[in-house]
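Engineer: Quick one: the structure is below, and I'll ask about it shortly.
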Ligand SMILES: Nc1ncnc2c1ncn2[C@@H]1O[C@H](COP(=O)(O)OP(=O)(O)OP(=O)(O)O)[C@@H](O)[C@H]1O
Ligand SMILES: [Mg+2]
């Protein structure tokens, strides 16, 4: 009888305890504010002991930001960089999602494209900046193309992984309910893959910020990368700080916006942040 | 139901990943019959069900309603153990209407069909909920309604209540019995639960332990409905099936060196 008893015993996962310190008293928001204020304080203290060309103070940086805002440079830079990122990223999504779906679904397409995927994984967009400028000129095209490259790659890979992870059960259910190949692709595989697409899109957006700075530094005309680079010519280290801080905020804002929008739009597809 | 269809397995064998999981299975299931498949874990019950569903290719002959099975088909509905088989982005109603929509039913026909079968499983009030908002038992009812909406002549169920608590399971067992009577479908029902099999089946089929599992015993359940598990004949059958499966379990444990002779 002990034999049957053992076979029947269900394994139950032990209840997990929250790790120590995850229940820190006080609200999360207070901690965040404290962390930021503390950071600025340390920055201020350091800047007191160092020459402004080496480390401008928070105050210098704010004044620099006001100066750049008043002559319109800052707004132009934000608009220029955001525009490039949105266009390149948007195009990358439009192309990357279908490629990922097709690669995931059709083995022969996967086999065909795999060597390129495996090769270009190791080529960061920054390595292609020179080529982009030679081929597409120093204008908008080369910068948008680099963002596009970053995005297509990440979105394709994530979408592909999503297609491969569609539960077999769900495909079987669709098949025995009468769905053919095309309908299954459209009504089961694509919706099941949405969370992966969103992950790819978010990663790509983050990487677009890396890429845009290198692209704008190489062919510096406008944009936040150019602002950071050109500040050097005027020995205005505080402008470098302004550029960096704005870049960080902008990236954060874009990511939050994307996260919020995709949670609102795709909650039922399993997108939950 | 369009027409009742029987199932015939004729020397069926299945090889998965280089192992011959089941071999030489012969089984005849009459139209409208309710058959429960019992057997030790891992013997190949799901595999056999998947063969009838057309998910897994097999050697030998697999016939449903006289036609050879070559792949999945709408006349064979499948209820899976896991509710992962539901489409989580569709509401309960949309899940149920998935099949009718494919066969070209109009919007009003779809609404009528989903209402009929959601009422049948007692879930009409939850039509506009998402599967994630339902309990495990409710999700299984949605799966059943979704299958019924296609009016299949054969319903294949793989431990549909295996993940449910005892009370919910009892309620759903009664419901399956009722639905079977109402639709007249042929049902093949895989379970671990001997009582469940005795409660539901016309015949209980047990399998031997794999690899090369085959059919071991076919027992007719000659008890009137509604069945009483405490009936002496039910108890005798229960004991017989328990010993039958238990000996197979012991065989497999011994084969794995997990059971020594003294302990047996
Ligand atoms: N893809 C596969 N490749 C190799 N072996 C497989 C594969 N799928 C199943 N098997 C083997 O086939 C055997 C039968 O599996 P199956 O799922 O049909 O058993 P089962 O009787 O339904 O078990 P359970 O009662 O635990 O659900 C198992 O021993 C399993 O290891
Ligand atoms: Mg199984």
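Engineer: As a test of the formula, what do you get for the protein assembly as shown when each DSSP H run with n ≥ 4 contributes -39,500 (n - 2.57) and the sum is divided by the residue count, at 222 nm and rounded to the nearest 500 deg cm²/dmol?
Structural biologist: Details: 19 runs with 296 residues, N = 537.
Counting only the DSSP helices, I get -18000 deg cm²/dmol.
Engineer: Of the DSSP beta bridges with both residues in the protein assembly as shown, give the percent that are antiparallel, rounding to the nearest 5.
Structural biologist: If we restrict to bridges inside the protein assembly as shown, about 50 percent are antiparallel.
Engineer: Suppose we keep just the DSSP beta bridges with both residues in the range B:153-220; what percent of those would be antiparallel, to 5? List each step's numbers first, then the result.
Structural biologist: On the way: 5 of 10 bridges.
Close to 50 percent.
Engineer: Send over the semi-axes of the range B:122-264's equivalent ellipsoid, whole angstrom and largest first, taken as the square roots of 5 times the C-alpha gyration tensor eigenvalues. Don't skip to the end; give the middle numbers.
Structural biologist: Values: eigenvalues 200, 71, 44 Å².
Equivalent ellipsoid of the range B:122-264: 32, 19, 15 Å, largest first.
Engineer: Then there's this: Could you please rank A:122, B:189, placing first whichever residue has the fewest other Cβ atoms within 10 Å of its Cβ?
Structural biologist: Working: A:122 7, B:189 26.
Listing A:122, B:189 from fewest to most nearby Cβ atoms yields A:122, B:189.
Engineer: Most mobile of A:245, A:42, A:212 per a Gaussian network model of chain A (Cα springs, under 10 Å)?
Structural biologist: In the Gaussian network model the winner is A:42.
Engineer: Sticking with this structure for a sec: So for B:106, A:262, fewest C-beta neighbours within 10 Å to most, what's the order? Before the final figure, lay out the partial values.
Structural biologist: Details: B:106 10, A:262 21.
Arranged by neighbour count, lowest to highest, B:106, A:262 become B:106, A:262.
Engineer: Right, something else. Please work out the Cα center distance from the range B:1-79 to the range B:121-138, rounded to the nearest Å.
Structural biologist: What the calculation gives is 30 Å, centre to centre.
Engineer: Further question: What translational D, rounded to a whole number of µm²/s, comes out for the protein assembly as shown from Stokes-Einstein when the hydrodynamic radius is the Kirkwood one over Cα pairs, at 37 °C and 0.692 mPa s?
Structural biologist: On the way: Rh = 28.1 Å.
Answer from the Stokes-Einstein relation: 117 µm²/s.
Engineer: Let me ask another. Out of all Cα-Cα pairs in the range A:35-156, roughly what percent, to the nearest whole number, are more than 19 Å apart? Walk me through the intermediate numbers first.
Structural biologist: On the way: 4879 of 7381 pairs.
Counting pairs separated by more than 19 Å, the tail of P(r) holds 66 percent.
Engineer: Another one. Can you give the average number of partner chain beta-carbon atoms within 10 Å of each beta-carbon in peptide B:85-91, as a whole number?
Structural biologist: Values: counts 10, 3, 9, 6, 10, 3, 1.
The per-residue average across the peptide is 6.
Engineer: A follow-up question, please. In degrees, nearest 10, range 0 to 90: what is the angle between the Cα axis of helix B:136-148 and the longest Cα principal axis of chain B?
Structural biologist: 70 degrees
Engineer: Whole Å is fine, so just give me how far the alpha carbon centre of the range A:230-247 lies from that of the range A:65-110.
Structural biologist: If you average the Cα positions of each part, the centres end up 24 Å apart.
Engineer: Restricting to chain B, compute how many DSSP beta bridges are antiparallel as a %, nearest 5.
Structural biologist: Details: 19 of 37 bridges.
Approximately 50 percent, going by the DSSP bridge assignments.
Engineer: Another question, then. What ratio of Cα Rg to 2.2 N^0.38 Å holds for chain B? Please list the in-between numbers first.
Structural biologist: On the way: Rg = 18.9 Å, N = 264, 2.2 N^0.38 = 18.3 Å.
Relative to the 2.2 N^0.38 Å estimate, chain B comes out at 1.03.
Engineer: What's the angle, to the nearest 10 degrees (0 to 90), between helix A:190-218's Cα axis and the longest principal axis of chain A?
Structural biologist: 20 degrees
Engineer: Using a Förster radius of 56 Å, what is the FRET efficiency between residue B:135 and residue A:67 based on their Cβ-Cβ separation? Nearest 0.05, please.
Structural biologist: Numbers: r = 62 Å, r/R0 = 1.11.
Rounded to the nearest 0.05, the efficiency is 0.35.
Engineer: Further question: If only Cα atoms are counted, what is the Rg of the range B:39-171, and what is its Dmax, in Å?
Structural biologist: 15.5, 46
Engineer: Going by a ≥ b ≥ c, the root eigenvalues of the Cα gyration tensor, does chain A fall in the rounded group (a/c under 1.5), the prolate group (a/b larger than b/c) or the oblate group?
Structural biologist: Details: a/c = 2.81, a/b = 1.46, b/c = 1.92.
Oblate.
Engineer: For a quick check, take a GNM of chain B with Cα springs below 10 Å and name the residue from B:140, B:167, B:81 with the largest mean-square fluctuation.
Structural biologist: Largest GNM mean-square fluctuation: B:167.
Engineer: Report the semi-axes of the equivalent ellipsoid for the range B:1-71 in whole Å, largest first, where each axis is √(5λ) for an eigenvalue λ of the Cα gyration tensor. List each step's numbers first, then the result.
Structural biologist: Numbers: eigenvalues 89, 39, 20 Å².
Those come to 21, 14, 10 Å.
Engineer: Have a look at A:179, A:80, A:204 and tell me which one the Gaussian network model of chain A (Cα, springs below 10 Å) gives the largest fluctuation.
Structural biologist: A:179
Engineer: As a footprinting exposure proxy, order B:192, A:105 by other Cβ within 10 Å, with the fewest listed first.
Structural biologist: The fewest-first ordering by Cβ neighbours comes to B:192, A:105.
Engineer: Please determine, in degrees from 0 to 90 and to the nearest 10, the orientation of helix A:58-70 with respect to the longest principal axis defined by the Cα atoms of chain A, where the helix direction is its Cα long axis.
Structural biologist: 90 degrees
Engineer: Apply the a/c threshold of 1.5 to the C-alpha gyration tensor of the range B:88-160 and tell me whether it is rounded, prolate or oblate. All intermediate terms of the calculation are to be shown ahead of the outcome.
Structural biologist: On the way: a/c = 1.70, a/b = 1.16, b/c = 1.47.
Note, shape of the range B:88-160 comes out oblate.
No value in this document is a laboratory result; all are computed from the given coordinates. Owing to the predicted nature of the structure, the values given are computational and were not obtained by experimental measurement. When we count neighbours, we look across all protein chains shown, and the Cβ atoms used for this are built from the backbone with ideal geometry, even at glycine.
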